[in-house]
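Nothing in this text is a laboratory measurement; each read-out follows from the coordinates by a stated rule. Bear in mind the structure is a predicted one, so any value in this text is a computation, not a measurement. Methodologically, a virtual Cβ is constructed for each residue, glycine included, from the backbone with ideal geometry; neighbour enumeration extends over all protein chains shown.
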Amino acid sequence: MKYPIECLDRRTSVQKAIQLIERSTFDIALVLDEKGSYLGGVAMSDLRRLLISGVRGEDEIGNYPLKHEYRLTEKILGDRRMANRMLSDMELVGVHFLPVVAPDGSIRDILSADDIGRLHGFSNSRTAGPARRVLVVGGAGYLGSVLTQRLLRCGFRVRILDSFLYGRRSLDTLAGDENLEIVEGDLRNIHTCVNSLADIDAVTLLAAIVGDPASKIRPTETIETNVLAAQALASACKLHHINRFLYASTCSVYGVGGNLLDEDAPLNPVSLYARTKIESEKIILGMGDDYFSPTILRMGTLYGFSPRMRFDLVVNTMSMKSFLDRRIQVFGGKQWRPLLGVEDAADVYIRCLEANLEEVGNRVFNVGSDDQNYRIDDVAEIIGRSLGNIPILRDHSNLDARNYRVCFARLAQAVGFQPQQTIQRAAQEIFEKLNSGVVRNPTQKIYYNHYFDSAEE
C-alpha cells in the first residue's frame with residue numbers, strides 16, 4: 001500500500017493501539033473486525049482522551065465509537081461529484097487518509113486527500129501529510145527557534161510554550177504560519193504545562209536555566225525549573241500517554257574526565273547546572289516503560305548563528321570579540337570541549353522525532369561528533385585564522401574546571417547523524433552578521449543567558 005498506516009484488530013487494547021500508532025509514521029490507525037473487514041478509523045489523540053477520561057488501558061478499541069467510518073469504493077473514486085463530496089467530508093472531520101474498500105470489506109489501498117484530488121484534477125485538493133504535532137518548550141530560544149523553523153519546513157505542526165524573556169523577535173519570520181501555535185507561559189506553571197499538551201504527539205523540552213553562571217546566580221530558580229518543572233512536565237506527558245519525550249541535557253554532566261567518555265562513563269559534575277541535569281535525567285528515565293519512552297540528549301557546547309542569538313558560548317564569543325576587539329582572549333586553553341552546531345543540534349532532534357521509538361526511546365545519547373572535540377586553544381586558533389589571522393591573547397590561569405572529551409558513536413549508529421556545520425564557517429557567518437548590522441549591538445544583555453531568570457539549551 002502507498003501509505004503504511006497501521007491496521008488494528010478491533011480486539012486490540014487501547015494502550016497497545018497507542019503504542020503501535022506511536023511507532024508508525026502516522027497518527028491514525030484503521031480498525032478491522034475479526035474477518036479483516038474495515039470498520040473505521042481512529043486517531044491517537046482520541047485514544048488518549050479515552051484513557052484520560054477513565055477508560056482502562058486493557059479495554060478493546062472496538063468497544064468505543066471510532067473517529068469516523070468514511071471509506072472509498074470504486075464507485076466513489078469513479079464519480080467526480082461523489083469524490084469531491086468525500087473530500088469535503090474529510091476536510092470537515094480532519095481526516096487526511098482513507099482506505100479503498102473492496103465489496104467484501106477488505107482494504108485494497110489507502111489514498112490521501114491529495115491523491116483523490118489529483119485523480120479528478122481538483123486544483124484545490126486538500127493536501128495533508130503524516131505530520132505530527134510537536135510541543136517545543138523553549139521554542140523561541142537559541143536552539144528552539146532554529147528547531148521550530150526546521151520542524152515547520154519538515155511538515156510538522158508545532159506548538160511553542162515559552163515565557164519570552166528575550167522577546168518574540170526570533171519568531172518574526174514565522175508569523176502567520178498556519179502550522180505554528182504560540183503559547184506564552186512559564187514551564188513552572190502546572191496549569192499552563194498541562195493545557196499545552198492537548199492533542200500533542202511528542203514533546204521536546206529545551207527550556208531551562210542554562211549554564212554555570214546563570215545557575216550560580218539563581219540557584220532556587222534553577223532547581224525549580226531544571227528539576228521540579230521538568231519532572232512535572234514528564235509526569236504529565238506520561239499521564240496523557242504522550243510516549244515520545246525528548247529532554248535536552250548537556251555533556252557538562254561529565255565535568256572532568258581524562259578519557260573519551262561515552263554515555264556509560266561516570267558523571268562528575270562541577271556545577272549546580274550539571275547536577276540539576278543529572279537529577280532530571282534520572283527522574284525522567286525512571287518513568288520510562290513500554291508506553292512512555294523518553295530520550296535524553298546530552299548536547300555538546302552549541303555554536304552558530306540563531307534568530308535568538310547568544311554570545312555567551314565559546315565559538316560565538318570568540319567570533320564576536322574578533323569583530324569588536326580585533327583580538328581573542330583565551331583563559332586556560334588546554335581544556336577539552338565537545339562542540340555542536342545549532343543547526344546540527346536541530347537536525348538530531350528531528351531525527352529522534354522521526355526515528356522508530358524502539359531505536360531512541362528510554363535511551364541516553366551524547367549529541368555531537370568525535371571530530372569536534374576541541375581544546376579551547378585550538379578553537380581560538382581556528383577562528384582566528386578563519387577571520388583573517390585575529391591575534392590571540394592567552395591567560396594560562398584556568399578559570400573553568402570543566403575538561404572532557406566525549407564519544408558520539410551511539411548517536412551516529414542510532415540515527416545516522418553526521419555534522420554539517422563547522423566552527424570555521426559558523427565564525428565567518430557570525431562575523432558577517434555583525435558586519436552587516438543584522439546584530440547591531442552584541443554587548444546587549446539580551447544576548448547573554450546569565451542576565452535572565454531562564455533560558456534554553
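Once the gyration tensor of the Cα atoms in the chain is diagonalised, the equivalent ellipsoid follows with semi-axes of 45, 24, 19 Å, ordered largest first.
Backbone geometry of region 275-287 corresponds, through the Karplus equation with coefficients 6.51, -1.76 and 1.60 at θ = phi - 60°, to 3J(HN,Hα) couplings of 5, 5, 5, 4, 4, 5, 4, 4, 5, 5, 4, x, 7 Hz, x marking Gly and Pro.
Report, for region 6-119, the % of DSSP beta bridges that are antiparallel, rounded to 5.
Details: 12 of 17 bridges.
Within region 6-119, antiparallel bridges account for around 70 percent of the total.
Counting every other Cβ atom within 10 Å of each residue's Cβ, PHE305, PHE331, PHE156 order from fewest to most as PHE331, PHE305, PHE156.
Quick one: of the DSSP bridges fully inside the chain, what percent are antiparallel, nearest 5? Could you put the intermediate results ahead of the total?
Numbers: 17 of 62 bridges.
Just about 25 percent of them are antiparallel.
Under the rule of -39500 (n - 2.57) per DSSP H run of 4 or more residues, summed and divided by the residues of the chain, what mean residue ellipticity at 222 nm is obtained, to the nearest 500 deg cm²/dmol? Numbers along the way, then the final one.
Details: 17 runs with 158 residues, N = 457.
After summing the helix terms and dividing by the residues of the chain, the value is -10000 deg cm²/dmol.
Per-residue counts of other Cβ atoms within 10 Å, averaged by peptide: what ranking do you get for 310-322, 382-394, highest first? Working shown, then result.
Values: 310-322: 23.7, 382-394: 15.9.
In descending order of packing, they fall as 310-322, 382-394.
Counting beta carbons within 10 Å around each of ARG327, ARG48 and listing the fewest first gives the order ARG327, ARG48. Note that region 303-455 shows a convex hull volume over its alpha carbon atoms of 128 Å³ per residue.
Which order, highest average first, do 139-145, 370-376, 285-291 follow once you tally other Cβ atoms within 10 Å for each residue and take the mean per peptide?
Working: 139-145: 29.7, 370-376: 18.4, 285-291: 14.3.
So the peptides 139-145, 370-376, 285-291, ranked by packing, come out 139-145, 370-376, 285-291.
Counting neighbouring beta carbons within 10 Å and listing from fewest to most, the residues HIS68, HIS240 come out as HIS68, HIS240.
Counting only alpha carbon atoms, the long axis of helix 142-153 and the longest principal axis of the chain meet at about 30°.
With viscosity set to 1.002 mPa s and temperature to 20 °C, compute the Stokes-Einstein D of region 6-119, Rh being the Kirkwood radius across alpha carbon pairs; µm²/s, no decimals.
Numbers: Rh = 14.6 Å.
In µm²/s, the coefficient rounds to 147.
Per the Cα gyration tensor, region 258-329 maps to an equivalent ellipsoid with semi-axes of 33, 16, 11 Å, ordered largest to smallest.
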